[in-house]
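See below for the structure under consideration.
The values are calculated or read from the model by the stated rules, or taken from the named source; none is laboratory data. Since this is a predicted model, take the numbers as computed values, not measurements. Every residue, glycine among them, receives a Cβ derived from its backbone with ideal geometry; neighbour counts consider all protein chains shown. Note: areas computed on protein heavy atoms with side chains; ligands, DNA, RNA excluded. Shrake-Rupley method; radii C 1.70, N 1.55, O 1.52, S 1.80 Å.
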Amino acid sequence: MPVMAAGGAAEATRFLIWGGNGWVAGHLESILRGQGKEVYSTTVRMEDREAVKAELDRVKPSHVLNCAGCTGRPNVDWCEDHKEKTIRSNVIGTLNLADCCYLAGIHCTVFATGCIYHYDDDHPIGGPGFKETDPANFTGSFYSETKGHVEEVIKYYTNCLILRLRMPVSDDLHPRNFVTKISKYERVVDIPNSNTILTDLLPASILMAEHKDTGVYNFTNPGAISHNEVLELFRAIVRPGFTWKNFSVEEQAKVIKAGRSNCLLDTTKLERKLSEYGYAVPEIHEAYRQCFERMKVAGVK
Ligand SMILES: NC(=O)c1ccc[n+]([C@@H]2O[C@H](COP(=O)([O-])OP(=O)(O)OC[C@H]3O[C@@H](n4cnc5c(N)ncnc54)[C@H](OP(=O)(O)O)[C@@H]3O)[C@@H](O)[C@H]2O)c1
């Protein structure tokens, strides 16, 4: 990939966010603007090769931040009944965008998912987490299946940085925030999971992109936290008196179409990389505490 512009001058950094109307995309864009970075966003369909090439040629980004993906509405159950549309976005589109960036010498950060794993005999609850090199073992939802398949291919692109988010959490109660979701469910399971607190991780994604890091990274706060632990902290800091009811995974399976992944991701590789930049990500319980304190200060209820 070219890293120097003609004449030897350092290449200017220009970000282009794909999936510009999405939730994560909006957060990234405001962080980049807050940092005074040059940033553009686009809603061009990733699977439309000619349109993608034309958009890259028009904006001439040094970095693409791919936040586009078919996530389903109201949730991933949608993907079960719209398989071709899900493939066109999450497999053909994601791969096409990575490939067009490769051919144009553009660094491409892919906001991927860690929901490609579930606890198994080698990775039981309370045991070691899944490493980046572990093959996906969760195909209980078609959404996860497409994400697992495409990662197996784009990981070979030398211009791609693949960041696996899980159950992202923002400092507000946006409908896509994991906390908003579980606080509204009639009943919730109670299983430890890796979570991504966006305030902690999105600035790290920008740092990694700027350093042109590549390869796959589990992109969560270190550690795992259970649904009840999250909701107990939420009640203690944000919403006193909040109550909820639990049910088992077997009972949950009766009210959802697709299975849901539950797992711990090993963040050793990420922590080591970020330490090179003097950037530390708090452990998940502490991260939630800080997140809920920010909500409280902002008057979020
Ligand atoms: N939120 C989560 O729980 C979560 C967890 C882990 C990973 N992720 C991943 O992180 C990324 C961002 O998630 P998000 O929560 O911000 O999702 P989001 O709010 O649903 O945003 C995704 C955006 O991608 C766009 N998009 C879908 N297919 C596209 C295509 N083929 N070409 C161009 N744009 C397309 C959508 O536009 P249209 O609506 O017009 O199609 C939407 O604006 C996704 O890849 C998601 O899989 C999310």
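Computed quantities for the displayed model
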item	result
Difference of contour (0.36 nm per residue) and Cα-Cα distance, VAL153 to HIS211	18.6 nm
Average accessible area per residue (Å²) across the chain - probe 1.4 Å, nucleic acids and ligands excluded	46
Extension reserve of the LYS131-VAL297 stretch, reckoned as 0.36 nm per residue once the Cα distance is removed	56.2 nm
Euclidean distance of C-alpha centroids, region 135-169 and region 201-242, integer Å	18
Per-residue ³J(HN,Hα) for region 123-128, Karplus 6.51 cos²θ - 1.76 cosθ + 1.60, θ = phi - 60°, Hz, x for Gly and Pro	9, x, 4, x, x, x
Residues listed by number, region 55-91, amide nitrogen under 15 Å from GLU38 label point at 7 Å toward C-beta	56-64
Gaussian network model of the chain, springs between alpha carbon atoms under 10 Å - residue of LEU173, LEU65, LEU28 with greatest fluctuation	LEU173
FRET efficiency, PHE242 to ASN21 (Cβ-Cβ, R0 30 Å, nearest 0.05)	0.45
Antiparallel bridge percentage (DSSP; both residues within the chain; nearest 5)	10
Gained length - SER275 relative to ASP48, 0.36 nm times residue gap less alpha-carbon distance	77.9 nm
Cut-off under 5 Å, modelled amide H: who pairs with SER141 long-range	GLY259
Cysteines, the chain, no other Cys beta-carbon under 4.7 Å	CYS67, CYS70, CYS79, CYS100, CYS115, CYS160, CYS263, CYS291
In sequence order, calculated HN-Hα J values of region 186-196 (Karplus, 6.51, -1.76, 1.60; Hz; x Gly/Pro)	5, 9, 10, 6, 9, 9, x, 9, 7, 10, 10
Computed helical MRE - 222 nm, the chain, DSSP H runs ≥ 4 contributing -39500 (n - 2.57), nearest 500	-11000 deg cm²/dmol
Protein accessible area in the chain, 1.4 Å probe - carbon and sulfur %	53
Among ALA98, ALA209, ALA253: highest mean-square fluctuation, GNM of the chain, C-alpha pairs under 10 Å	ALA253
³J(HN,Hα), Karplus 6.51/-1.76/1.60, whole Hz, each residue of region 252-265, x for Gly, Pro	4, 4, 6, 10, 10, 7, 9, x, 10, 7, 10, 6, 10, 9
Placed amide H near ASN66: partners under 5 Å, 5+ positions off or other chain	TRP18, THR109, VAL110, PHE111
For TYR40, distant residues with modelled amide H under 5 Å away	PHE15, LEU16, ILE17
Calculated FRET efficiency for the pair HIS174/ARG14, C-beta based, R₀ 22 Å, to 0.05	0.20
